[in-house]
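Chemist: Please find one structure pasted underneath; my questions will follow.
Each reported figure results from applying straightforward, stated rules to the coordinates on display, with no laboratory input. On a predicted model such as this, the values are computed, not experimentally measured, just so you know. Virtual Cβ from ideal backbone geometry, glycine too; neighbours counted across all protein chains shown.
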Amino acid sequence: MAKYSEGIWTELHNLIPSEKDLIARFKVAPFGPTFMGAADILRKRGYLDECIIILDEGLRKCPHFHSARAALGRDYYLKGLMTEALAELEIVTKRTPDNLMAQRFHLRLAILFEDRDAAQKKLDILKKMGKDDEIVNTIRENLQLGSLDGARRVIIAELANLGIPGNWETDIAHKDTDLPARLK
């Protein structure tokens, strides 16, 4: 696994005082409770690869930090690394079924991987949580009409709108995981 470069912090501009403080604390104890916050700072500024590395390294030290694992699953999804996202989100949704973000992204992956049974289970869980967003509502409507293809088109459209690379109509296999050279 690649390591993030300490120099990344000098590339960040317009940090607010609380972000500067969190980064300083992260530098002192990178695998303490600050690693998720440091990763969020990077994600918000478009450094998704570095964010993934920090979350992965942090979870090696704190494997039961399920909200960080859910964030890693989401970030793999946003990177187009669907098999990695699915692996992380399956862990989270089994151990902490009340993690809303993990349930929503796990639903998206169930649809993308054409797993109707898993998708229906996720919809049932989300209904009990009373937390449907627009995508979940649209997926629910499509599946009630018996259209897994319609639900899948919703996810493929979301991926296209987010600029996530891939030919999702035909290929959900593992995507290129090479990280930029500056991270190796």
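Chemist: I'd like the distance between the alpha-carbon centres of segment 20-70 and segment 145-167, rounded to an integer number of Å.
Modeler: 29 Å
Chemist: Now for a different question. Relative contact order for the chain using alpha-carbon pairs under 8 Å, separation at least 6, rounded to a whole percent?
Modeler: The value is 20 percent.
Chemist: Given contacts defined as C-alpha pairs under 8 Å and at least six residues apart, what's the relative contact order of segment 82-151, whole-number percent?
Modeler: Reported as a whole number, the value is 23 percent.
Chemist: Apply the Karplus curve 6.51 cos²θ - 1.76 cosθ + 1.60, θ = phi - 60°, to the phi angles in segment 25-39 and return the couplings in whole Hz, x for Gly and Pro.
Modeler: Each residue of segment 25-39 in turn: 5, 4, 4, 6, 9, x, 10, x, x, 8, 5, 5, x, 4, 4 Hz.
Chemist: Compute a Gaussian network model of the chain, connecting alpha carbons closer than 10 Å, and tell me which residue from Asn142, Asn99, Asn14 fluctuates the most.
Modeler: It is Asn14.
Chemist: Using the Cα centre of the chain as the reference point, and only Cβ charges (+1 on K/R, -1 on D/E), how large is the resulting charge dipole? Debye, rounded to the nearest 20.
Modeler: The calculated dipole for the chain is roughly 520 debye.
Chemist: Return the subset of Lys44/Lys127; Lys61/Lys131; Lys20/Lys44; Lys61/Lys122 for which the Cα-Cα distance in this structure is over 21 Å, preserving the input order.
Modeler: Beyond 21 Å between Cα atoms: Lys44/Lys127; Lys61/Lys131; Lys61/Lys122.
Chemist: Here's another thing I want to ask about it. If you take the alpha carbon radius of gyration of segment 1-151 and divide it by 2.2 N^0.38 Å, what ratio comes out, to two decimals?
Modeler: Compactness ratio reported: 1.16.
Chemist: Could you list the chymotrypsin sites (Phe, Trp or Tyr not before Pro) in segment 70-113 that lie in coil according to DSSP, counting only those with at most 16 other Cβ atoms within 10 Å of their Cβ?
Modeler: Passing sites in segment 70-113 are Phe113.
Chemist: I'd like the Karplus ³J(HN,Hα) series for segment 117-124: coefficients 6.51, -1.76, 1.60, θ = phi - 60°, whole numbers in Hz, and an x wherever there's a Gly or Pro.
Modeler: 5, 5, 4, 5, 4, 5, 4, 4
Chemist: Where does helix 100-112 land angle-wise versus the long Cα axis of the chain, in degrees 0 to 90, nearest 10?
Modeler: Value to nearest ten degrees: 60.
Chemist: At 222 nm, what value in deg cm²/dmol follows for the chain if DSSP H runs of at least 4 each add -39500 (n - 2.57) and the sum is divided by all its residues, to the nearest 500?
Modeler: Value at 222 nm, helices only: -20000 deg cm²/dmol.
Chemist: Using θ = phi - 60° and the Karplus curve 6.51 cos²θ - 1.76 cosθ + 1.60, what whole-Hz ³J(HN,Hα) does each residue of segment 137-142 get, with Gly and Pro shown as x?
Modeler: Each residue's phi maps through the Karplus curve to give 4, 5, 4, 4, 4, 5 Hz.
Chemist: Which of Thr83, Gln144, Ile52 sits closest to the plus end of the dipole of the chain, meaning its Cα is farthest towards the positive end, when Lys and Arg get +1 and Asp and Glu get -1 on the C-beta?
Modeler: The one lying farthest along the dipole's positive direction is Ile52.
Chemist: Also: In segment 110-161, which trypsin sites (Lys or Arg not before Pro) are in a loop and have at most 16 other Cβ atoms within 10 Å, using DSSP for the loop call?
Modeler: Loop-located and lightly packed - Lys131.
Chemist: How far apart, in nm, are the 7 Å Cα→Cβ label points at Val28 and Ile16?
Modeler: About 2.2 nm, to one decimal.
Chemist: Would you mind calculating the gained length between Asp117 and Arg153 on full extension (0.36 nm times residue separation, minus the Cα-Cα distance), in nm to one decimal?
Modeler: The Asp117-Arg153 span can extend by a further 11.2 nm.
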